[in-house]
Amino acid sequence: MKHFLNLADLTPQELRDLLELAIELKEEWKRGGNRPLLAGKTLGMIFQKPSLRTRVSFEMAMIHLGGQALYLSPFEIQLGKRESVADVARVLSRYVDIIMARVFAHSDVVVLARHSRVPVINGLSDYNHPCQGLADLLTIIENKGKDLHGQRLAFVGDGNNVATSLLFGTTKLGMDFAIAGPPGYELPPDVWELGRRFAAESGSRLLATHDPIEAVAEADVIYTDVWASMGQEEEAEQRAQVFGPYQVNADLIAQARPDTIVMHCLPAHRGQEITDEVADGPHSVLWDQAENRMHAQKAILVDLLT
Ligand code: CP
Ligand code: NVA
């Protein structure tokens, strides 16, 4: 049974194939609509956390491809509380053709996959966000071309789930990855260990620093995300103090290449990790990036279901 839980699980060729498929499906949709490749198929979507992009882009992806999606709110399933994660997988996978889950603990999406009769897609966990990572690579390729060797993505902020998937995605494709954040908020050692291994295979160069200017120097892509992720709300105030120097603002992007693009997975806390001037400015690709979630996920769905 094939699942989509972590970009680290894909070979570089599998990742490139998914991106090619996403490009094809996007072009097809722009020409007037997708073929009903998923006619009669259903997607069950389990959410333990809120969502705009993931929920709507998956639902629209299924509709465009001739299938249907079912939204299951945090209250409805109460994953692991009302019944065990394994039992949810056993039952839900008898009804639907594919499952997408947004969870707190990454182990929950792994357990879902282990006990499911149908493919499981990780729609974000506290560990990673592979759908976001795939869509972001699509956006980077659209702006910077397919050969990403020697190009640099600089992530400024928390060493979080989104940064983790970007490290895996960039190093699978040979793109350089730099990250700058405050001491104590670095990417976890096991994540770096994998990133270093992929980088050695692809030729990516890696940099981890506490200096945002060092990270964005010569950057082709600057990326940021919220300072406090979902589930860290009680830390938000304290994090806002620590992360202040890591704001992506006009002064910081002036340190990067003149044609740098600025990315953010959204939702953004404008005035914190990104200023209005940058989010709405000429370097921003935020809205194409959000749209690409839908195209990238169509590729994941078609790959797993056909
Ligand atoms: N970027 C992202 O996953 O957005 P949502 O939380 O709105 O789904
Ligand atoms: N790091 C953020 C990403 C939201 C899409 C979070 O986990 O809340």
One residue from Arg102, Arg114 being free of Cβ contacts under 8 Å to residues at least 60 places away in the same chain and within 13 Å of ligand 1 (Cβ to nearest atom): Arg102
One residue from Gln272, Gln255, Gln297 being surrounded by 14 or more Cβ atoms within 10 Å (Cβ to Cβ), within 15 Å of ligand 2 (Cβ to nearest atom), more than 20 Å from the chain's Cα centre (by Cα) and modelled with pLDDT of 95 or more: Gln272
Positions within the range 73-103 being surrounded by fewer than 18 Cβ atoms within 10 Å (Cβ to Cβ), under 23 Å from Val56 (Cβ atoms) and hydrophobic (A, V, I, L, M, F, W, C), in sequence order: Phe75
First in the range 213-230 and at pLDDT 95 or above, second anywhere and assigned to a loop (DSSP other than H, G, I, E, B) and β-branched (Val, Ile, Thr), Cβ under 8 Å, 6 or more apart: Val216/Thr260; Ala219/Thr260; Asp220/Thr260; Val221/Thr260; Ile222/Thr260
Selected residue (only one of Leu148, Leu134, Leu138, Leu124 is within 13 Å of ligand 1 (Cβ to nearest atom), over 18 Å from Ala69 (Cα atoms) and either among the β-branched types (Val, Ile, Thr) or modelled with pLDDT of 95 or more (or both)): Leu134
Hits in the range 48-97 (condition: touching an Asp or Glu at 6+ places or on another chain (Cβ under 9 Å) and within 16 Å of ligand 2 (Cβ to nearest atom)): Gln48, Ser57
Residue match in the range 142-160 (condition: buried (at least 24 other Cβ atoms within 10 Å of the Cβ), of a type in the set (Asp, Glu) and within 16 Å of ligand 2 (Cβ to nearest atom)): yes
Among (1) touching a Phe, Trp or Tyr at 6+ places or on another chain (Cβ under 7 Å); (2) more than 23 Å from Leu7 (Cβ to Cβ); (3) in contact (Cβ under 8 Å) with a residue 60 or more places away in the chain - the single one Met45 does not satisfy: (2)
Number of the condition not met by Ser73 [criteria: (1) of a type outside the set (A, V, I, L, M, F, W, C); (2) closer than 30 Å to Leu38 by Cα; (3) over 15 Å from the mean Cα position of the chain (by Cα); (4) away from ligand 1 (no atom under 16 Å from the Cβ)]: (4)
Those residues of the range 1-26 which are under 15 Å from Ala135 (Cα atoms) and surrounded by fewer than 16 Cβ atoms within 10 Å (Cβ to Cβ), in sequence order: Glu14, Asp17, Glu20, Glu24
Which listed residue is buried (at least 16 other Cβ atoms within 10 Å of the Cβ), more than 22 Å from Thr11 (Cβ to Cβ) and of a type in the set (D, E, K, R), from Glu218, Glu186, Glu214: Glu186
Near pairs, Cβ below 8 angstrom, 6+ apart or cross-chain, from the range 52-81 (farther than 17 Å from Val120 by Cα and modelled with pLDDT under 95) to any residue that is surrounded by 15 or more Cβ atoms within 10 Å (Cβ to Cβ) and hydrophobic (A, V, I, L, M, F, W, C): Pro74/Phe47
Strands (runs of 3 or more DSSP E) enclosed by the range 1-119 - at least 1 residues per element that are among the polar types (S, T, N, Q): 42-47, 68-72
Test: residue in the range 235-250 that is free of Cβ contacts under 8 Å to residues at least 24 places away in the same chain, under 30 Å from Leu19 (Cα atoms) and not hydroxyl-bearing (Ser, Thr, Tyr): no
Ile274 being touching a His at 6+ places or on another chain (Cβ under 7 Å), more than 21 Å from Pro182 (Cα to Cα) and in contact (Cβ under 8 Å) with a residue 40 or more places away in the chain: no
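The values are calculated or read from the model by the stated rules, or taken from the named source; none is laboratory data. Worth saying up front: this structure is predicted, and the values here are computed from it rather than measured. Cβ: placed from backbone, ideal geometry, glycine included. Neighbour counts: every protein chain shown.
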